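Below: the structure, in structure tokens.
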Amino acid sequence: LEVSVNNLTFRVDAIERQLTSVRRQVSVSLPRSSNLINEYESFVSKIERIVGVDNEKLDARLQALPMFDNLLNELKMLREFSQLVAVELNRNLLAKPEINYLAFEDEFRGSQENVSKGQFSYLQYIPGSEDTRLVLDIGCGRGEMLELLQSVGHIAQGIDLSTDMVGLCQSKGLKVELANALQYLQSMPNDTYKALFCSQVVEHLSTSELEVLVSLMYQKLGNGGVVIIETINPRSLYSLGNHFYADMTHVRPVHPETLRFLCEGIGFTNARVIEKSPHEMMEKEYTLSGDTASETLKQLVKDFYGYQDFAVIAKKCND
């Protein structure tokens, strides 16, 4: 057992040195950094299974080992250090887009008026304006949701990575900052917000970044608060082929049930999926000679066109 713990301590030190080196080179070594973080997390889990035993049941020899008392502290520091590396990864992965993203949205997302109409239904899920806690729009874009929130009396602010978007919002009198989502949320006190709105953002994130984002959302949302996360619906083949891949900054689509599962795993309650933006082809009537054929055609139309977006809406309840 003593040899095993000595070996584990040596490997912890070795991985820490590697992470330190990667942190300095993260801007040019993103794939290697991601692999090392995954290796670190897997290794920490193995260590915790070995040393995570009730102290009273540990062998006396293990209790006497001088490094044992420090081992868990080392693991804690390594975990905190890996979070810093993840933030640096995120800063590089989500750096300011090289394309003119404001012009891109005007061309590909649709008019501000149409986006505002589509987002209006989300207001019903946000606690009333008598609750004076803040609402944060993460990736606020042109500010459509912020304008809706203000129009019904909410105190709202937004963040975005695009200087053009931020400038446009500020010209409208909206409270918006240029900020990275993960860094910004990490800097805020826990239990700050009554609602967090995030539309067409999570498809820009890697899996690990999405997990960190949802975890931070849970921490920063106050009791009784609501999170609303909207993204492109990969169950619509039309939307996947025509909307998702049109944006070169997209990383991967997120399945609605996966996002719901992730929110519930973090601690959110009453998480549900709401499908949005039905394609106009779904509203047409399709008839063939046989009832079975007609139903099959309707299902094919739904699978191909379908609902182009979806949102996961969930609540934080500490009770």
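The values are calculated or read from the model by the stated rules, or taken from the named source; none is laboratory data. The structure displayed is predicted, hence computed values, not measured ones. Note that we place each Cβ from the backbone using ideal geometry, even for glycine, and neighbour counts take in every protein chain shown. Surface accessibility is based on the protein's heavy atoms, side chains included, excluding ligands, DNA and RNA. Shrake-Rupley method; radii C 1.70, N 1.55, O 1.52, S 1.80 Å.
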- Could you tell me whether Met217 is more than 16 Å from Gly128 (Cα to Cα) and buried (at least 23 other Cβ atoms within 10 Å of the Cβ)? yes
- Task: Test Gly153 against the stated conditions and say whether it is in contact with a Ser or Thr (Cβ under 8 Å, 6 or more places away or on another chain), more than 19 Å from Leu213 (Cβ to Cβ) and in a loop (DSSP other than H, G, I, E, B).
- Result: yes
- Among the strands (runs of 3 or more DSSP E) confined wholly to region 183-285, which include 3 or more residues that are of a type in the set (D, E, K, R)? 269-278
- Message: With within 30 Å of Phe304 (Cα to Cα) and either touching a residue at least 60 places away in the same chain (Cβ under 8 Å) or in contact with a Ser or Thr (Cβ under 9 Å, 6 or more places away or on another chain) (or both) as the only criterion, which of Val226, Val201, Val214 stands out?
- Response: Val201
- Message: If I go through region 292-318 residue by residue, how many of them are at pLDDT 80 or above and acidic (Asp, Glu)?
- Response: 2
- Name the one entry in Glu230, Glu209 that is under 11 Å from the mean Cα position of the chain (by Cα) and either at pLDDT 95 or above or under 27 Å from Glu130 (Cα atoms) (or both). Glu230
- Any idea which of (1) under 21 Å from Val273 (Cα atoms); (2) open to solvent by 10 Å² or more (accessible area, probe 1.4 Å) is the one Phe244 doesn't satisfy? (2)
- Leading residue by the ranking (farthest from Leu136 (Cα to Cα)) among those in region 164-174 that are in contact (Cβ under 8 Å) with a residue 24 or more places away in the chain and open to solvent by 60 Å² or more (accessible area, probe 1.4 Å): Asp164
- Message: Name the residue that is surrounded by the fewest Cβ atoms within 10 Å (Cβ to Cβ), counting only residues in region 130-151 that are under 20 Å from Thr192 (Cβ atoms) and touching a helix residue (DSSP H, G or I) at 6+ places or on another chain (Cβ under 6 Å).
- Response: Ile138
- Can you tell me which residues in region 86-114 are open to solvent by less than 30 Å² (accessible area, probe 1.4 Å) and either modelled with pLDDT of 85 or more or over 21 Å from the mean Cα position of the chain (by Cα) (or both)? Gly110
- Task: Report, by residue number, each residue of region 261-279 that is open to solvent by 60 Å² or more (accessible area, probe 1.4 Å) and touching a residue at least 12 places away in the same chain (Cβ under 8 Å).
- Result: Glu264, Asn270, Arg272, Glu275, Pro278
- Message: Going by what's in this entry, would Gly141 be described as within 23 Å of the chain's Cα centre (by Cα) and modelled with pLDDT under 95?
- Response: yes
